[in-house]
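The values are calculated or read from the model by the stated rules, or taken from the named source; none is laboratory data. Quick caveat, the model's predicted, so the values are computed rather than measured. Heads up, the Cβs are rebuilt from the backbone with ideal geometry, glycines too, and the neighbour counts pull from every protein chain shown. What goes into the accessible areas is simple: the full protein's heavy atoms, side chains included, and nothing from ligands, DNA or RNA. Shrake-Rupley method; radii C 1.70, N 1.55, O 1.52, S 1.80 Å.
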Amino acid sequence: ARLVATRRLIVVPTANALGYYRNKREEGNIDPNRDFPYDLEDPSLCMQTIAGRTLNEIYREHMFQLALTFHAGMEVVGYEWGAPSWLNHLAPDDTAQSEIGAAYSRYGGGWSKSRPYEYGTMNDLVYYVRGGMEDWAYAGSWTPDKVTPCEPRQFGGYPKEKTKYNNSTLRVFNMLIETSNKKEPKAKYLGSSLDVLNRDTTGNGHVSRNIRLALLAAEMVEPYVSIVAVNKLALTDDIVPLVQRAPKSCMDTKAVMVAKNAKEVDIEWTVGGSMTVDETKLWYAKWDEVAGAVDCWTHPSDTSGFQKAKIYRGVQNGTGFFSVHGSHPSPKDSLTGALPTNGPLFRGTIPLEGMKQGDKIMVLASARVDKSWKKQPSNIAPKMLPQSHIVNARTNPDYHHESNGKHIHGRIDWFAIPLTVVIGDFDDSLGTRDEDLVNTIELHPRFGDHTSTKGGVRPKGAKQDQLGFPVALWLYLVIILLILTMAFCTIRFCCHGNNGR
């Protein structure tokens, strides 16, 4: 649900439609893979194809952070550089490119006839080209001396102004995926939908592993933090497609109620969309005290009114699901006894001393991620800081780019959707689940007309019997059973009497 609701996914099934129809590499007699205005000298040798122009229009309309371009002829994940001008040099964003490329390889996996993808620069693993799409998409906006505005003659020409780019459009990790050594692999090696999200599936193949690569790319576009459990209760997902997002709607849709005599509440949260969790924190405050500074769908700019919660065992950093180390801390350690996330699972405690019935407590988790992506190897060219959107968006709080109505803002602190903890009107628990007392319930009237003052469940205190139901409920059941029995007897008597007449 999160990837559908929080990402914009653009899919071009067959960029070179004519070549696909004719089962040829070229569109007519021109190779679209060499049709982009990067590291060229002749302006007539770019944007000659409909495929090239189509992709140029798509990139001009959007500001992408990650992209994949699927090819065949070998089995490689390739990234910058791939142009002859940068031969024997690495890109300014090499650290992030290498880490993401490695993740593609690991998550894609292999099988008996294919090893996991080799990954590295296109200049090293493939070959260098002029007019390549990948280098154009990555560096067309910040190496203007390498961009040649196009003047093709084909199809009546193409406006030269459309290959003059602003400072924001082309800063994309557009990685080359050479999917198969054979251009037309046998059907039995394409894979199946069997356990398709698992890299170790017995149904792995060329198609299934690249489905996972596409999902990984969508996941990595933006870091996120999500509170996934309270006490021993696993929460439902806090991202629901097509649900209206009002500024304070999460006070209803992401809320729990705890016993009024509870001393503290355990919170579990995860961090996704990143490789490394450098630091994570848990915050809380009464909603009444921070209502003007916090809403549900934007990151707070000031935490001065928040209090820091105690972190379990002091663990404030870790690694993401797609990192080489996998999820750490392990989600298997959740108090819920379930697996509320595949990502790393952090835990903290919110004290409830001084809270009274009806109080609403705002709980936030935050994280800083992937700061190592700012590091650079020595042999980069040109000598510049990381230039991509994806690196700067999570490491540079002063970063801001805008193009065609799209915005990318940099930040280093990423916050969860706030959780509301309501102090209930019951003591101890509502009953038992297995052998555990149920002292926390989720309030989530997600659909329909509601406000923060209605909806949800407000249980009343009651003694518990061994089955975990309040005694009052059993009284209601007994009364209903007696009424039904009396009604049945009355009807039976009346019917018997009528038959006698």
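Could you list, in sequence order, the residues of the range 4-27 that are touching a residue at least 60 places away in the same chain (Cβ under 8 Å) and surrounded by 14 or more Cβ atoms within 10 Å (Cβ to Cβ)?
Selection gives THR6, ARG7.
Would you check if GLU184 is open to solvent by 50 Å² or more (accessible area, probe 1.4 Å) and either among the charged types (D, E, K, R) or touching an Asp or Glu at 6+ places or on another chain (Cβ under 9 Å) (or both)?
Yes, satisfied.
Among (1) open to solvent by less than 30 Å² (accessible area, probe 1.4 Å); (2) part of a helix (DSSP H, G or I), which single condition is GLU57 missing?
Only one criterion in (1) open to solvent by less than 30 Å² (accessible area, probe 1.4 Å); (2) part of a helix (DSSP H, G or I) is unmet by GLU57, namely (1).
For residues in the range 393-412 being open to solvent by less than 30 Å² (accessible area, probe 1.4 Å) and free of Cβ contacts under 8 Å to residues at least 60 places away in the same chain, which is farthest from the chain's Cα centre (by Cα)?
Taking the candidates together, the pick is TYR399.
Do you know which residues across the range 67-87 are hydrophobic (A, V, I, L, M, F, W, C) and over 23 Å from ALA381 (Cβ atoms)?
Passing the criteria: LEU68, PHE70, ALA72, MET74.
Condition check ((1) buried (at least 19 other Cβ atoms within 10 Å of the Cβ); (2) touching an Asp or Glu at 6+ places or on another chain (Cβ under 9 Å); (3) within 18 Å of SER429 (Cβ to Cβ)) across all residues:
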{"position": "TYR224", "(1), (2), (3)": "yes, no, no"}
{"position": "VAL230", "(1), (2), (3)": "yes, yes, yes"}
{"position": "ASP238", "(1), (2), (3)": "yes, no, no"}
{"position": "VAL243", "(1), (2), (3)": "no, no, no"}
{"position": "CYS250", "(1), (2), (3)": "yes, yes, no"}
{"position": "LYS254", "(1), (2), (3)": "yes, yes, no"}
{"position": "VAL258", "(1), (2), (3)": "yes, no, yes"}
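Cβ-Cβ under 6 Å, sequence separation 6+ or interchain: first residue in the range 180-206 and touching a residue at least 60 places away in the same chain (Cβ under 8 Å) and in a helix (DSSP H, G or I), partner open to solvent by less than 40 Å² (accessible area, probe 1.4 Å) and of a type in the set (Gly, Ala, Ser). Which pairs?
TYR189/GLY205; HIS206/SER180
Of all residues being free of Cβ contacts under 8 Å to residues at least 60 places away in the same chain and part of a strand (DSSP E or B) in the range 283-329, which is most open to solvent (accessible area, probe 1.4 Å)? Just the residue, please.
Restricting to residues being free of Cβ contacts under 8 Å to residues at least 60 places away in the same chain and part of a strand (DSSP E or B), the top hit is LYS310.
Among the residues of the range 331-386, count how many are open to solvent by less than 30 Å² (accessible area, probe 1.4 Å), outside any strand (DSSP E or B) and either of a type in the set (S, T, N, Q) or under 23 Å from THR276 (Cα atoms) (or both).
9
Out of the residues in the range 134-169 meeting the condition of being of a type in the set (Lys, Arg) and either at pLDDT below 95 or in a loop (DSSP other than H, G, I, E, B) (or both), tell me which one is nearest to GLY73 (Cα to Cα). Walk me through how you get there before you give the answer.
Keep residues of the range 134-169 that are of a type in the set (Lys, Arg), which gives 146, 153, 160, 162, 164.
This time we only want the ones that are either at pLDDT below 95 or in a loop (DSSP other than H, G, I, E, B) (or both), so: 153, 164.
Details: ARG153: 30, LYS164: 32 Å.
Checking each candidate, the answer is ARG153.
From the list GLY82, GLY131, which one is over 28 Å from GLY326 (Cα atoms), part of a loop (DSSP other than H, G, I, E, B), open to solvent by less than 20 Å² (accessible area, probe 1.4 Å) and out of contact with any Leu (no Cβ under 7 Å at 6 or more places or on another chain)?
When all the criteria are applied, what remains is GLY82.
Give the number of residues within the range 99-128 that are touching a Lys or Arg at 6+ places or on another chain (Cβ under 7 Å) and crowded, with 22+ Cβ neighbours inside 10 Å.
Within the range 99-128, residues that are touching a Lys or Arg at 6+ places or on another chain (Cβ under 7 Å) and crowded, with 22+ Cβ neighbours inside 10 Å number 1.
Would the range 354-370 turn up any residue that is within 23 Å of the chain's Cα centre (by Cα) and under 26 Å from GLY108 (Cβ atoms)?
For the range 354-370, residues within 23 Å of the chain's Cα centre (by Cα) and under 26 Å from GLY108 (Cβ atoms): present.
Residue check: is ASP35 more than 22 Å from LYS375 (Cα to Cα), of a type in the set (Asp, Glu) and touching a residue at least 12 places away in the same chain (Cβ under 8 Å)?
Judged against the criteria, ASP35 is a match.
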